[in-house]
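Notes to accompany the following structure.
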Amino acid sequence: MRLAVIEGDGIGREVIPAAVEVLDAFGLEFEKVPLEIGYARWERTGTAMSEEDMEIIKSCNAVLFGAVTTVPDPGYKSVLLTIRKELDLYANVRPVKPLSGVVGVSGRSDFDFIIVRENTEGLYSGIEEIGHDLSWTKRVITRKGSERISEYACELAKKRSGKLTIVHKSNVLKSDKLFLDVCRETASSYGVEYGDMLVDSMAYSLIMHPEKYDVVVTTNLFGDILSDMCAALVGSLGLVPSANIGKKYAFFEPVHGSAPDIAGKGISNPLAAILCVKMLLEWMGKPEARLIDAAIADLLQKKIITPDLGGRASTAEVGNAVAKYIMQNL
Ligand code: ATP
Ligand code: MG
């Protein structure tokens, strides 16, 4: 197993070392390949990521990624988008699950669902024209794209013995009729129970009744918006991990960015990055991944938490405590 480790910029350089310490605690065979990519690299060399970097990433099985500060250069191509495209990471997966004792905007803690967002097409097709009086972007929905994302979501629903909710706006956007039809067909063929929701009602319902959902599948833009909104259900940006999954590769990153305002102080919350390690281990089919949840529950109870959660622990202290718990309970 070769793992590319990209700390990136800002707090990426704090939370990823903490996450790597946790990964190491499992004692699994990993060949870690560190890569310097991002804003700092661009400042130093004029390029945020080179073609050789991309080749090295392709020689790995998975990527653990911190955050990259956007480079203020009109010609800059997002490193994330490039990697997503090159590795064909078509499923963006965000588990939304509260940690014990941390209450988000809904005031509830009885929910546990996953948003599966189509990551390659929809309104992010990149087919657009920008003009003085007219600008447009083509929204592309394909049968193949809808099939593979709904298959991913159905596999997940089966594993969780859960229900699939298909989120769309097919009453207005006729292109969503194809997405909805394909998702329904896939769910039927997998024998997965399913329902569907219009995206606007879904936004309301997710805040009011997050406990009603299990696996949510949707198109690119809707998934982008809903999944950030759902970070508020969990309580802190520092707690939400994400995965980008393809047929061959997987890429794990915390939902938060490089947070320049707190970078370098050692106070960033590494739990999102540590939960990325959990997703990586799950992707590898390692049942011991669930030890990470137990470790985090233990830390929260002992108040070994960073300032964003009202504690006084440093990034490194939290990483160290999780790693220690795992070594003692493995
Ligand atoms: P970027 O441009 O890289 O996305 P940003 O300024 O948008 O950076 P984010 O990382 O998206 O910053 O975070 C927004 C705010 O949330 C930050 O100001 C930061 O204080 C807080 N935050 C984000 N991640 C964490 C974390 N892991 N621990 C503590 N606070 C965090
Ligand atoms: Mg940001």
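The values are calculated or read from the model by the stated rules, or taken from the named source; none is laboratory data. Worth saying up front: this structure is predicted, and the values here are computed from it rather than measured. Here Cβ is always computed from backbone atoms with ideal geometry, including for glycine, and neighbour counts include all displayed protein chains.
Considering each residue of the range 246-260, count those that are among the hydroxyl-bearing types (S, T, Y) and within 16 Å of ligand 2 (Cβ to nearest atom), and give that number. Before the answer, list the steps.
Pass one, the range 246-260, residues among the hydroxyl-bearing types (S, T, Y): 249, 258.
Subset that is within 16 Å of ligand 2 (Cβ to nearest atom): 258.
The qualifying residues number 1.
Pairs under 6 Å by beta carbon, first residue in a strand (DSSP E or B) in the range 24-42, partner surrounded by 15 or more Cβ atoms within 10 Å (Cβ to Cβ), six or more apart or different chains?
K32/L3; K32/V5; V33/A4; V33/C60; P34/V5
Determine whether D88 is modelled with pLDDT of 95 or more, under 21 Å from the mean Cα position of the chain (by Cα) and either surrounded by fewer than 17 Cβ atoms within 10 Å (Cβ to Cβ) or at positive phi (or both).
yes
Within the range 149-172, work out how many residues are free of Cβ contacts under 8 Å to residues at least 40 places away in the same chain and either under 18 Å from T120 (Cα atoms) or of a type in the set (S, T, Y) (or both).
3
Looking at the range 261-281, is at least one residue within 16 Å of ligand 2 (Cβ to nearest atom), without any contact (Cβ under 8 Å) to a residue 40 or more places away in the chain and surrounded by fewer than 15 Cβ atoms within 10 Å (Cβ to Cβ)?
yes
Checking L81 against (1) without any contact (Cβ under 8 Å) to a residue 24 or more places away in the chain; (2) in a loop (DSSP other than H, G, I, E, B); (3) not basic (K, R), only one condition comes out false. Which one?
(2)
Just a yes or no: is a residue in the range 244-254 within 16 Å of ligand 1 (Cβ to nearest atom) and free of Cβ contacts under 8 Å to residues at least 40 places away in the same chain?
Initially, the range 244-254 is screened for residues within 16 Å of ligand 1 (Cβ to nearest atom), giving 252-254.
Filter once more, so that each one left must be free of Cβ contacts under 8 Å to residues at least 40 places away in the same chain: none.
Looking through the range 244-254, none of the residues is within 16 Å of ligand 1 (Cβ to nearest atom) and free of Cβ contacts under 8 Å to residues at least 40 places away in the same chain.
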